[in-house]
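The values are calculated or read from the model by the stated rules, or taken from the named source; none is laboratory data. Keep in mind that this is a model prediction, so the values were computed, not measured. Positions of Cβ are backbone-derived with ideal geometry, glycine not excepted, and every protein chain shown enters the neighbour counts. When the accessible area is computed, the model is the full protein with side chains, heavy atoms only, and any ligands, DNA or RNA have been set aside. Shrake-Rupley method; radii C 1.70, N 1.55, O 1.52, S 1.80 Å.
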Amino acid sequence: MLRIVCPYCGPRPESEFHCAGDADRRRPEPEAGDEVWADYLYIRANPKGLHRERWVHAAGCGQWLVVERDTVSHEILVAAPLADLSRGGAA
């Protein structure tokens with residue numbers, strides 16, 4: 001089990017969080033073609049190594065986080081508020 005250090009609540013078990021996928025994935029423009037939308041909705045990378053993901057602390061403070069973790073060792077390197085990402089923060 002992972003332990004994620006929520007910036008608001010401190011270390012918590014993974015069971016309190018929900019993963020919402022790749023933090024760097026961007027929604028296509030509404031007028032994008034079917035192929036672009038199909039790729040966005042159904043195609044996922046399965047990276048080996050460092051990966052940035054969006055997580056929500058669903059059973060805690062309800063805040064969204066960006067978690068950078070190693071998909072091989074499951075080591076979590078960064079857990080930062082999602083708001084910091086939109087402001088150009090370290091996440």
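If you go through segment 61-88 and keep only what is part of a loop (DSSP other than H, G, I, E, B), surrounded by 13 or more Cβ atoms within 10 Å (Cβ to Cβ) and modelled with pLDDT under 95, you end up with just T71.
Just so you know, in segment 5-23 the residues that are under 14 Å from E68 (Cβ atoms) and touching a His at 6+ places or on another chain (Cβ under 9 Å) include one that is most open to solvent (accessible area, probe 1.4 Å), and it is D22. Of a type in the set (G, A, S) and either under 25 Å from R3 (Cβ atoms) or open to solvent by 80 Å² or more (accessible area, probe 1.4 Å) (or both) - does that describe any residue in segment 27-40? There is no residue in segment 27-40 that is of a type in the set (G, A, S) and either under 25 Å from R3 (Cβ atoms) or open to solvent by 80 Å² or more (accessible area, probe 1.4 Å) (or both).
On the stretch given as segment 38-73, residues that are aromatic (F, W, Y) and touching a helix residue (DSSP H, G or I) at 6+ places or on another chain (Cβ under 8 Å) total 1.
For segment 14-47, name all the residues that are touching a residue at least 12 places away in the same chain (Cβ under 8 Å) and among the aromatic types (F, W, Y). Within segment 14-47, F17, Y40 qualify.
Taking the conditions (1) outside any strand (DSSP E or B); (2) in contact with a Ser or Thr (Cβ under 7 Å, 6 or more places away or on another chain); (3) open to solvent by less than 40 Å² (accessible area, probe 1.4 Å) in turn, K48 satisfies each one other than (3). If you filter segment 9-27 down to residues that are part of a loop (DSSP other than H, G, I, E, B) and modelled with pLDDT under 95, you find that the one that is farthest from D84 (Cα to Cα) is R27.
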